[in-house]
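Contents: one structure, followed by commentary.
The values are calculated or read from the model by the stated rules, or taken from the named source; none is laboratory data. These numbers were taken from a predicted model, which means no experiment stands behind them. We place every Cβ from the backbone using ideal geometry, glycine too, and count neighbours over all the protein chains shown.
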4 protein chains.
Amino acid sequence: MTVKIILAGPRGKMGSEALNMIHNEDKFQLVACIDKPNSELPDFTSTTEVPVYSNATQCFTEVEADVYIDLTIPEVGFPHTKQALEHNIRAVVGTSGFTSEQIQELTTIANENKVGCIIAPNFALGAVLMMLFSKMAATYFPDVEIIEKHHDNKIDAPSGTATKTIEMIQQTRQTKQQGHPDEYEIMQGARGAECDGMRVHSMRLPGLVAHQEVIFGGTSELLTIKHDSFHRESFMNGLKLAVNEVLPLQTLVYGLENVMDIN
Amino acid sequence: MTVKIILAGPRGKMGSEALNMIHNEDKFQLVACIDKPNSELPDFTSTTEVPVYSNATQCFTEVEADVYIDLTIPEVGFPHTKQALEHNIRAVVGTSGFTSEQIQELTTIANENKVGCIIAPNFALGAVLMMLFSKMAATYFPDVEIIEKHHDNKIDAPSGTATKTIEMIQQTRQTKQQGHPDEYEIMQGARGAECDGMRVHSMRLPGLVAHQEVIFGGTSELLTIKHDSFHRESFMNGLKLAVNEVLPLQTLVYGLENVMDIN
Amino acid sequence: MTVKIILAGPRGKMGSEALNMIHNEDKFQLVACIDKPNSELPDFTSTTEVPVYSNATQCFTEVEADVYIDLTIPEVGFPHTKQALEHNIRAVVGTSGFTSEQIQELTTIANENKVGCIIAPNFALGAVLMMLFSKMAATYFPDVEIIEKHHDNKIDAPSGTATKTIEMIQQTRQTKQQGHPDEYEIMQGARGAECDGMRVHSMRLPGLVAHQEVIFGGTSELLTIKHDSFHRESFMNGLKLAVNEVLPLQTLVYGLENVMDIN
Amino acid sequence: MTVKIILAGPRGKMGSEALNMIHNEDKFQLVACIDKPNSELPDFTSTTEVPVYSNATQCFTEVEADVYIDLTIPEVGFPHTKQALEHNIRAVVGTSGFTSEQIQELTTIANENKVGCIIAPNFALGAVLMMLFSKMAATYFPDVEIIEKHHDNKIDAPSGTATKTIEMIQQTRQTKQQGHPDEYEIMQGARGAECDGMRVHSMRLPGLVAHQEVIFGGTSELLTIKHDSFHRESFMNGLKLAVNEVLPLQTLVYGLENVMDIN
């Protein structure tokens, strides 16, 4: 079976990788793109011959497709995804930017139309597993610190993945203050950022790409879960998985870990 | 509620740690020990005042207990565990040495008597989670290598934990040959030991204690799960967990991961 | 040749390890101890038969010795070391607590009497090499961050070794601000402590012992120098080295790295 | 002062990086290239306007230059380097392929003409420092194992850097058999490749780039020196350093570590 795909955002960093992935996957077929007119992003039309729409409604009406992939920004992605679902086209959306209300609204439409939708804040399978395993481990190891390492042109700290990891750990970890009750810093900031008793450290150096270690400490033992990402190409296996998993779905699933087959 | 415990093997390395653990845990109460007479192991009776039996049948008949902990050797542990279950005393056994037939026989008795039994090859919670997460990850990352590191007075390679990890990974990993199809070794053994296409490397150095890394490689990403154990004291949290989890059980469970609450 | 040794501080944590080390080293011979009377520390006299002095002057006058080892506290160690040198007994002192003036005064005495003295803030050879290599690397890699990891009953952060490493790096590193010029913390402290543009992070977890990584970032490359210490026993090789190296010395040397044979 | 440079091999992987580096460095000026005619490598002339010679003699005769950079293969590089030195043009050569006789011959010419020459098997400063530090550490830590990790399209194992590291360690390490004297492999190859008692392990996985760890084990301590290289761009800082260091030289130096300023 061939999966017919509409891609929105083909000129972004993620979108251009997605174009390659769809092109290289035998059972995937790109049938249309949705693209912002007059964008300053590099042209991509030389690499594909499918029609390019600037009007999403027109695209969903005219083009027969199995899956709509949205790799744009939340402001554009939300109305487009809504329309796709209303046209009975399954949706795979890469964003962490939708509000709870928006996710609820999309869930209602997906359920009513019995059409699948996957919203994923992160498509890197390794990162998704790191977060899932961290959540699992925190039940038994409530003492945990995170060190995330990125190139020195990253402007904010800690990273979004670190923040998301903390949120997932909080779902299972019993809140406790870590470290010595009377601990003090000789140099301010040495103990990192604090959240619910946990500590997060952000390293920024040239030569680093995107790395994170979650370290759990127990009695005379340590458990470490680490992810290294060297290129956004690493997101494509997760996107491919989402496209395949959305096909039989009849509801909305938030987070790639919830469609993964974890035995 | 107090949990009354009979401990077999109180003079071994694990057993002496267990004595401490039981002593320090408010809700646990040691009620008897089973010990080999004339052992060359150090005496322990100064640290406890409970009766010490050399005859297991007599012990199980005379002593009222909730849980029997066996930290001996398989040859002794099997008949003792069988008797404990027949006396309706739950059993927690730390061994990887029982045969399939022995496990089947114990399962039958546990089910007939509706009495719980947990057999655990490894009580270190971190190591158990490392193996469990490795099994989960291998579904999505079939390319995997293991490096385990131990002190240089360890005589065999690879370690039992590495072998057990491989077995668990094989349950989910699609068999494949790893590395370049035409790869060759300039120095024999450089690529480590091979099993089902996977590779295992064993490092032995003074200063090392007991460490293992399971490294999964994907497209431009790596996922690493690592465990460090610095002392056999690390097994005690797992033993404590097993004693608590065996209480409501009415059957036999093999492997600590199968009574852990992994959300 | 046998090296006759006077040891001060035999009941401290370092001192008791030193007793073992001297006992196990064929060419070393303990000839006396200097010990504070009425100490609350455990008795050690059962393990040795040498005379124990509470008065250092009396000890240095009555006992013929090649090397005086001081593993006490700076307040005691300074006057004792001074007297040892004045009695022409070479001194090996484990402390980071002497002032510049005190070191200058001891240097003058050592030079006048042509008697060797080694003062070492750290006797762990691996830690000394880590700091030395970090100093060397900083010439070519001015972008550097340190992460040090200790058990969670350590009260201060960062560690003394981290502070000392920073000082050594500052001797060769060209001062620069690291990270993105506009970087900001979403969670306060995430970027760690700052010193001269460098960043230091302190992790505290049960299960950790004493670890430090110094990470240098360059163009598409990273250089990491890491030390793990699992027990204070690791200091004894450095102490042994210092005793051997102080024999031919006729001056004072500060820092073990300055008597090491680095080709 | 401007440094006038002739580059041989501008179309290779290293050469094209070198073109960029020279272009971006204010004080460097490309004055000519030497290039094999009819090569299948991509054209580069659009990126530079300097004359391109296929005849090295003609180039060295007609073009006034300070430094000749050779990034070709040993068979071409040796005669070209010889001619450069005979024309009193300093040479920087990136190769590990010259024989001892060839190096001796070039040394003689360099000395006679008092013209500098640097031959470097590796230009990555981090890798050079890793090897240098490993050599230094082996004096005090004779127990050492290496694990090197590369992408799974690398065909040979262990890597050239690992082999070179072993050679450098052998210069200072006292030969000894490592591990337990009676150790045995349950799975063949687990203990890696053996050289002079040391062990080397080669990991090959998708997602890896080029990494090496040299781990030294001592009494209750470990010292680890690690290098990660993510792109051949990392060689350019070393090439830049070599060009600057060759200017005042009047002899031949083998190995970048021998012109580095290690305090």
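Laid out as a table, the results:
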| read-out | value |
| --- | --- |
| Where C:Ile262 falls short, out of the listed (1) facing chain A (nearest Cβ under 7 Å); (2) buried (at least 17 other Cβ atoms within 10 Å of the Cβ); (3) part of a loop (DSSP other than H, G, I, E, B); (4) not acidic (Asp, Glu) | (1) |
| Near pairs, Cβ below 8 angstrom, 6+ apart or cross-chain, from segment D:96-114 (outside the structural domain of D:Glu167 (by TED's automatic domain parsing)) to any residue that is in a loop (DSSP other than H, G, I, E, B) and small (Gly, Ala, Ser) | D:Ala110/D:Gly116 |
| Residues located in segment D:1-28, provided they are more than 14 Å from D:Val63 (Cβ to Cβ) and of a type in the set (Lys, Arg) | D:Arg11, D:Lys13, D:Lys27 |
| Failed condition for B:Val253, given (1) part of a loop (DSSP other than H, G, I, E, B); (2) at pLDDT 95 or above; (3) more than 14 Å from D:Met187 (Cβ to Cβ) | (1) |
| D:Val259, sole failed condition from (1) in contact with a helix residue (DSSP H, G or I) (Cβ under 7 Å, 6 or more places away or on another chain); (2) of a type in the set (Val, Ile, Thr); (3) more than 17 Å from D:Ile118 (Cα to Cα) | (3) |
| Residue, nearest to D:Val67 (Cα to Cα), within segment D:228-259, restricted to residues that are hydrophobic (A, V, I, L, M, F, W, C) and surrounded by fewer than 19 Cβ atoms within 10 Å (Cβ to Cβ) | D:Leu247 |
| Filter result (modelled with pLDDT of 95 or more, under 21 Å from A:Ala242 (Cβ atoms) and exposed (fewer than 15 other Cβ atoms within 10 Å of the Cβ)) within segment A:27-79 | A:Lys27, A:Glu64, A:Pro79 |
| Test: residue in segment B:209-227 that is within 22 Å of B:Asp152 (Cβ to Cβ), part of a loop (DSSP other than H, G, I, E, B) and within 14 Å of chain D (Cβ to nearest Cβ) | yes |
| Of the criteria (1) more than 7 Å from chain D (Cβ to nearest Cβ); (2) over 24 Å from A:His227 (Cα atoms); (3) among the charged types (D, E, K, R); (4) touching a strand residue (DSSP E or B) at 6+ places or on another chain (Cβ under 9 Å), which one B:Asp196 fails | (4) |
| Given (1) facing chain C (nearest Cβ under 7 Å); (2) crowded, with 17+ Cβ neighbours inside 10 Å, number of the condition A:Asn153 does not satisfy | (2) |
| Residue in segment A:136-144 that is of a type in the set (S, T, N, Q), surrounded by fewer than 19 Cβ atoms within 10 Å (Cβ to Cβ) and facing chain C (nearest Cβ under 7 Å) present | no |
| Selected residue (only one of D:Met203, D:Met198, D:Met260 is of a type outside the set (Ser, Thr, Tyr), in contact (Cβ under 8 Å) with a residue 12 or more places away in the chain and in contact with a Phe, Trp or Tyr (Cβ under 8 Å, 6 or more places away or on another chain)) | D:Met260 |
| Flag for A:Leu241 being touching a Gly at 6+ places or on another chain (Cβ under 6 Å) and away from chain C (no Cβ under 13 Å) | no |
| So B:Lys176, is it more than 23 Å from the chain's Cα centre (by Cα), among the basic types (Lys, Arg) and not assigned by TED's automatic domain parsing to the domain that holds B:Tyr68 | yes |
| Filter result for B:Ser100 (out of contact with any helix residue (DSSP H, G or I) (no Cβ under 7 Å at 6 or more places or on another chain) and more than 15 Å from B:Ile34 (Cβ to Cβ)) | yes |
| Per-region count, segment B:183-227, residues among the aromatic types (Phe, Trp, Tyr) and surrounded by 18 or more Cβ atoms within 10 Å (Cβ to Cβ) | 1 |
| Which listed residue is touching a Ser or Thr at 6+ places or on another chain (Cβ under 7 Å), more than 22 Å from B:Arg199 (Cβ to Cβ) and in the same structural domain as D:Leu129 (by TED's automatic domain parsing), from D:Glu213, D:Glu221 | D:Glu221 |
| Selection from segment D:140-186 of residues that are more than 30 Å from B:Ser220 (Cα to Cα) and free of Cβ contacts under 8 Å to residues at least 12 places away in the same chain | D:Glu167, D:His180, D:Pro181, D:Asp182, D:Glu183, D:Tyr184, D:Glu185, D:Ile186 |
| Total residues in segment A:83-109, condition buried (at least 22 other Cβ atoms within 10 Å of the Cβ) and of a type outside the set (D, E, K, R) | 8 |
| Hey, D:Glu233 touching a helix residue (DSSP H, G or I) at 6+ places or on another chain (Cβ under 8 Å), more than 30 Å from D:Thr107 (Cβ to Cβ) and facing another protein chain (nearest Cβ under 8 Å) or not | yes |
| Conditions (1) modelled with pLDDT under 95; (2) within 22 Å of the chain's Cα centre (by Cα); (3) within 26 Å of D:Asn237 (Cβ to Cβ): number failed by C:Phe230 | (3) |
| Residues of segment C:2-26 that turn out to be among the β-branched types (Val, Ile, Thr), surrounded by 15 or more Cβ atoms within 10 Å (Cβ to Cβ) and closer than 15 Å to C:Glu64 by Cα, as a count | 3 |
| Test result for D:Asn122, within 28 Å of C:Thr224 (Cα to Cα), over 19 Å from the mean Cα position of the chain (by Cα) and not acidic (Asp, Glu) | no |
| Single unsatisfied condition, B:Phe141 versus (1) under 30 Å from D:Gln188 (Cβ atoms); (2) under 17 Å from the mean Cα position of the chain (by Cα); (3) part of a loop (DSSP other than H, G, I, E, B) | (2) |
| Flag if B:Lys164 is under 23 Å from D:Ser202 (Cβ atoms) and either assigned by TED's automatic domain parsing to the domain that holds B:Phe133 or not in a strand (DSSP E or B) (or both) | no |
| Within segment C:161-174, considering residues that are more than 9 Å from every other protein chain (Cβ to nearest Cβ) and under 14 Å from C:Gly255 (Cβ atoms), the one surrounded by the most Cβ atoms within 10 Å (Cβ to Cβ) | C:Thr165 |
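Yes or no, residue by residue, for (1) of a type in the set (A, V, I, L, M, F, W, C); (2) more than 14 Å from every other protein chain (Cβ to nearest Cβ):
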residue	(1), (2)
B:Glu75	no, yes
B:Phe78	yes, yes
B:Lys82	no, yes
B:Glu86	no, yes
B:Gly94	no, yes
B:Thr108	no, yes
B:Pro121	no, yes
B:Leu125	yes, no
B:Leu132	yes, no
